[in-house]
Amino acid sequence: MGDRTQFLQSAEKWDRKYREAAMEAIMAFSPDDETAEHRIKLYLSKERAEQLNLANSYSRALFRVHLLMAASELERELYQSGRIVMMATFVDQDWAFSIQNIGFDFKVAKQKVRNAFEGFDFIGAFEPAVYPKEKRRTKSGTGSLVSFHAHVMVWSTSESKLRRHKLKIAKRFTPLAGDEKLSFPTLHNLKTILEFRKSLRYVSKMPVEGYERIEENDEVRQRHTTLDDVHYFRLVDFLRRYSVFDAWFAGGEGSQILKSAKSRSIEAAKAKGKLVLFDVVRRNRDRW
């Protein structure tokens, strides 16, 4: 895969930015320094990377390495067999919550996307997008909007087949009120192996920046904006309840990549002698 260290630098840059902001947020919103230090050690520290917790940037980095290694075993076949590889992005009104009470269900949402891509080869993951300036009333309350979305790398025999399928399944996903002018799902061609790798790298990074919607000339577009401590604090509080693997899903040949990446990550954690099984992580969900 060439110079893997250099390739991973951009993702590690974003992970570092998330980690620093999350630590600052925990210090700001914890009742005392002792509690803050405990939370940081438990969910953000490098020594806890082997717990494979979704809130831990080191855990994601460990998984990212094995994800890219597993994908590399299939990449050349994808791009030499006359198939097309594309990245689809999905949103849905059922995946929107208030930052004060994030109730996203990974299991239910993953099944919805799996059903939409039944019969295709794909791998993807969910991530949260925070809109700090948008105070919306959702089923979980009123506050800054958190809208989860899925990025899916999917491959097939032709671009036209995938674009026809996009039109077929689009009605299964309902945009948030006011977002009707935004086109979802989106579909972008990943023309090279490098673009495929970059997509996996992008999807595996930590959430860092927020978003805001801008309407100009009757068109809606999104741009990045900064997040406050409270947004990071709420994000960590939600993400810490899950393992890295909870966010990922796959089908067809993509299942081979995910299965291999998962088993290699677990073996790497075991080799360090610090693996904490996921049921133990889940038992700690309320210790915040």
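The values are calculated or read from the model by the stated rules, or taken from the named source; none is laboratory data. From a predicted model like this one, the values you see are computed outputs, not experimental measurements. Please note: Cβ atoms are built from the backbone with ideal geometry, for glycine as well, and neighbour counts cover all protein chains shown.
Here are some notes:
- Of everything listed in (1) modelled with pLDDT under 90; (2) assigned to a helix (DSSP H, G or I); (3) not charged (D, E, K, R), the single unmet condition for Gly2 is (2).
- Gly82 falls short of the stated requirement of being at pLDDT 95 or above and either over 26 Å from Tyr43 (Cβ atoms) or buried (at least 21 other Cβ atoms within 10 Å of the Cβ) (or both).
- Any hit, the range 116-133, residues being out of contact with any helix residue (DSSP H, G or I) (no Cβ under 8 Å at 6 or more places or on another chain), within 27 Å of Leu190 (Cα to Cα), charged (D, E, K, R) and buried (at least 16 other Cβ atoms within 10 Å of the Cβ): no
- Of the residues making up the range 23-33, those that are under 14 Å from Trp288 (Cβ atoms) and part of a helix (DSSP H, G or I) are Ala25, Ile26, Phe29.
- Of all residues in the range 88-124, those satisfying the criterion of being β-branched (Val, Ile, Thr), outside any strand (DSSP E or B) and either under 30 Å from Thr157 (Cα atoms) or modelled with pLDDT of 95 or more (or both) are Val108, Val113.
- Spans of strands (runs of 3 or more DSSP E) in the range 171-266 with at least 3 residues at pLDDT 95 or above: 248-251
- Selection count, the range 248-257, where residues are crowded, with 18+ Cβ neighbours inside 10 Å and over 14 Å from the mean Cα position of the chain (by Cα): 3
- The range 5-55: number of residues that are modelled with pLDDT under 95 and β-branched (Val, Ile, Thr): 1
- Top-ranked residue in the range 197-247 [being among the β-branched types (Val, Ile, Thr) and in contact with an Asp or Glu (Cβ under 8 Å, 6 or more places away or on another chain); ranked as surrounded by the fewest Cβ atoms within 10 Å (Cβ to Cβ)]: Thr226
- Residue among Glu20, Glu47, Glu77, Glu37 that is assigned to a helix (DSSP H, G or I), in contact (Cβ under 8 Å) with a residue 12 or more places away in the chain, charged (D, E, K, R) and on the phi < 0 side of the Ramachandran plot: Glu47
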